[in-house]
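Asks: Would you mind keeping the following structure in view while I ask a few things?
The values are calculated or read from the model by the stated rules, or taken from the named source; none is laboratory data. Quick caveat, the model's predicted, so the values are computed rather than measured. Virtual Cβ from ideal backbone geometry, glycine too; neighbours counted across all protein chains shown. Accessible surface areas use protein heavy atoms only, side chains included; no ligands, DNA or RNA. Shrake-Rupley method; radii C 1.70, N 1.55, O 1.52, S 1.80 Å.
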Amino acid sequence: MSVNIFPLIFVGGLLYIFYKFMVNQGLLKTHGFGTLVRVPQEDFSCIGGQSTAISELKEALDFILDSDKIEKMGIRPLKGLLLTGPPGTGKTLLAKAAANYTDSVFIATSGSEFIEVYAGVGAQRVRKLFQSARDRAKAENKKSAIIFIDEIDILGARRGTHESHMEYDQTLNQLLVEMDGINADDDVKILVLAATNRPDMLDPALLRPGRFDRQVKVDLPDKEGRLQILKIHVKNKPLADDVDLDAIARETFGFSGAHLESLANEAAINAMRNKSDKITQKDFLQAIDKVILGEKIDKKPSSEELYRIAVHEAGHAIVSEMLERGSVANLTIVPRGNAMGFLRQSLEEDRYIYTREQLENQIMVCLAGSAAEKVILGNKSTGASNDFEKAVELAKEIIFSGLSSLGIISKDDISPKKVNDEVTNIISRLEKKTTELLIDNHFVIHKVVDVLREKETISGEELRSILNSSF
Ligand code: ATP
């Protein structure tokens with residue numbers, strides 16, 4: 001008697017497809033949700049330039065360490081802590097160090113991992129995340145677990161703002177339910193650390209007392225902070241005697257911790273490419289350009305274009321030095337990323353507020369590239385569009401800070417035409433001033449252009465010695 005096994009294969013196949021679907025959607029997981037690290041190795045000594053954030057965080061973490069005392073005093077446990085700040089400043093690192101400090105199991109995930117088009121999937125994942133944190137802590141014999149949710153704004157944006165808002169809202173509601181369910185007498189204490197660059201986007205319910213009621217700001221590091229971070233990332237690297245980390249920290253205003261880590265790495269790669277067994281200051285300085293602009297590119301400008309680029313960069317650099325001695329770090333006509341040439345400035349001290357004169361000087365430096373083209377070549381080119389965008393931004397900063405001839409104005413009530421007219425006034429006045437400065441010094445432009453075409457890159461010191469020998 002023959003048996004027809006086709007229906008069995010068909011049903012088996014259907015079951016397999018269903019199983020795969022469930023696994024893909026996270027409804028059925030073959031392993032826990034989020035990336036699990038037992039107790040992370042990273043501690044607070046791996047983090048530079050964030051002493052305020054570290055002490056605020058430690059203060060909050062002492063709630064976990066002193067949980068018995070807290071329970072006795074009837075204090076409600078701290079459930080959530082929000083780390084806010086720009087990318088790459090060390091938020092993930094702080095969360096890991098927090099787990100290390102409290103001897104907690106650590107689970108990391110990201111807001112985007114919860115969002116699916118299928119209703120209910122996100123909420124399931126939130127439940128699973130909290131459950132795996134508890135299970136894992138028990139399995140590891142730990143009293144606490146830290147859940148880290150990066151990009152919380154994706155999952156925690158104001159309810160009703162998303163197109164498929166039912167799914168988003170259910171996911172967020174589930175997170176609120178899980179956080180409300182954390183109690184002081186739980187066997188496993190759970191602390192949720194979340195990171196975002198946009199705290200303003202979050203649903204107010206998330207920021208309510210008892211949820212993420214503490215915020216720790218994780219800002220870009222200042223000069224001292226950059227020095228600390230550099231020291232951390234060169235610890236395992238052989239440095240030549242000429243390396244001056246203080247000078248590198250000064251030249252990297254605006255760099256995040258992640259930029260500085262990449263800078264130390266790129267400097268080591270430069271040294272290896274040069275077949276040297278020590279990393280020199282030059283390797284670091286070249287790496288700064290690479291981190292800002294990206295890898296050198298193979299674009300080969302024609303010799304006519306190269307001359308124009310050199311004139312343009314020389315214009316920026318000469319005006320920068322004339323307005324503020326020592327402000328040029330280096331200038332180059334080597335194309336990198338989207339830039340055909342580049343001027344890098346460095347300041348003696350980090351600057352956070354500006355006078356009108358300082359902002360006007362910055363605008364003049366922006367305009368100096370195209371002004372030099374006009375003075376030396378008789379016409380301008382498209383190469384200055386980014387410079388103009390920056391100049392317009394700076395002019396608007398003058399206007400909206402109440403430093404323009406319009407006086408103190410309301411951003412909301414002033415007409416765009418009025419703003420535009422004032423931007424044009426500021427920029428044309430400064431363009432005239434910049435052009436006059438360059439006409440008076442046109443012989444220096446030629447000198448700098450000649451050296452730049454020969455060497456491709458000139459350091460600030462070299463530029464200053466050309467200027468000194470010219471006057
Ligand atoms: P994102 O917001 O993009 O997720 P993040 O703020 O979480 O970034 P991290 O992932 O912690 O940044 O940092 C990335 C890497 O940059 C770290 O692994 C580390 O090598 C380096 N780094 C960042 N900040 C610091 C810091 N303050 N001290 C030392 N290293 C840092």
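Asks: If you rank C46, C366 by how much accessible surface each has, with a 1.4 Å probe, what is the order from largest down?
Replies: C46, C366
Asks: Looking at the stretch 379-471, which trypsin sites (Lys or Arg not before Pro) are in a loop (DSSP not H, G, I, E or B) and have at most 14 other Cβ atoms within 10 Å?
Replies: K411
Asks: For a label point 7 angstrom out from the Cα of L207 toward its Cβ, which stretches of the stretch 80-101 have the backbone nitrogen within less than 17 Å?
Replies: 80-86
Asks: Have a look at the DSSP beta bridges in the chain and tell me what percent are antiparallel, nearest 5.
Replies: Looking only at bridges with both residues in the chain, the antiparallel portion is about 35 percent.
Asks: What dipole magnitude, in Debye to the nearest 20, does the stretch 303-470 give about its Cα centre under +1 on Lys/Arg Cβ and -1 on Asp/Glu Cβ?
Replies: The dipole magnitude comes to about 260 debye.
Asks: Length gain on complete extension for the stretch K433 to D43, per 0.36 nm per residue less the alpha carbon to alpha carbon distance?
Replies: 135.1 nm
Asks: Can you tell me how much longer the chain between D222 and E454 gets when fully stretched, taken as 0.36 nm per residue apart minus their C-alpha distance, in nm with one decimal?
Replies: Full-extension gain reported as 79.9 nm.
Asks: What are the GluC sites (Glu not before Pro) within the stretch 325-365 that DSSP puts in a loop, where the Cβ has at most 12 other Cβ atoms within 10 Å?
Replies: E348, E349
Asks: Taking amide H atoms as placed 1.01 Å from N in the peptide plane, list the residues 5 or more away in sequence, or in a different chain, whose amide H sits under 5 Å from that of I279.
Replies: Answer set, sorted by chain and number: L239, A240.
Asks: Same structure again: Keeping every protein chain present and rolling a 1.4 Å probe, give me the accessible area per residue for the chain in Å².
Replies: 52
Asks: Something else now. What is the set of long-range amide H partners of K189 at a cut-off below 5 Å, with H atoms built 1.01 Å from backbone N?
Replies: So K189 has HN proximity to S144, A145.
Asks: Of the accessible area of the chain, with the probe set at 1.4 angstrom, what percent is carbon plus sulfur?
Replies: Heavy-atom surface of the chain belonging to carbon and sulfur, 1.4 Å probe: 52 percent.
Asks: So, one more: With θ set to phi - 60° and the Karplus curve 6.51 cos²θ - 1.76 cosθ + 1.60, what are the ³J(HN,Hα) couplings of the stretch 221-230 in order, to the nearest whole Hz, using x for Gly and Pro?
Replies: x, 7, 4, 4, x, 5, 5, 4, 5, 4
Asks: Within the stretch 167-245, how many lysine pairs that are 8 or more places apart, or on different chains, have C-alpha atoms less than 29 Å apart?
Replies: So the count of such lysine pairs works out to 6.
Asks: Write out the trypsin sites (Lys or Arg not before Pro) in the stretch 192-221 meeting two conditions: DSSP loop, and at most 11 other Cβ atoms within 10 Å of their Cβ.
Replies: Answer in residue order: no site qualifies.
Asks: Computed FRET efficiency, Cβ-Cβ of S276 and I408, R0 60 Å: what is it to the nearest 0.05?
Replies: 0.60
Asks: Any chance you could run the full-extension gain for S401 through E305? It's 0.36 nm times the residue separation minus the Cα-Cα distance, nm to one decimal.
Replies: Result for the pair: 30.7 nm of gain on full extension.
Asks: Just to be sure I understand the model, the point goes 7 Å from the Cα along the line to the Cβ. What's the resulting N338 to N265 distance in nm?
Replies: Each label point lies 7 Å from its Cα, and together they span 2.3 nm.
Asks: Pairs K58/K96; K380/K432; K79/K128; K91/K142; K96/K142: which are spaced more than 20 Å apart, C-alpha to C-alpha?
Replies: Those over the limit are K91/K142.
Asks: Hey, which aspartates and glutamates would be in cross-link range of K417, C-alpha to C-alpha under 18 Å, not counting anything within fewer than 8 residues on its own chain?
Replies: Straight-line reach from K417, under 18 Å: E389, E393, E397.
Asks: Provide the per-residue ³J(HN,Hα) series for the stretch 381-391, in order, calculated from phi with Karplus coefficients 6.51, -1.76, 1.60 and θ = phi - 60°, each as a whole number of Hz, with x at glycine and proline positions.
Replies: 9, 6, x, 9, 4, 5, 4, 5, 4, 5, 4
Asks: Follow-up question, since we're still on this one. What are the residues whose amide H is under 5 Å from the amide H of D350, where those residues sit 5 or more places off or on another chain and H is modelled from the backbone?
Replies: K223
Asks: Okay, next question. At a Förster distance of 22 Å, what's the computed FRET efficiency of T52 paired with R76, Cβ-Cβ distance as r, to 0.05?
Replies: That gives a FRET efficiency of 0.30.
Asks: How high is the FRET efficiency from E349 to K235, r the C-beta distance, R0 41 Å, rounded to 0.05?
Replies: Calculated transfer efficiency: 0.95.
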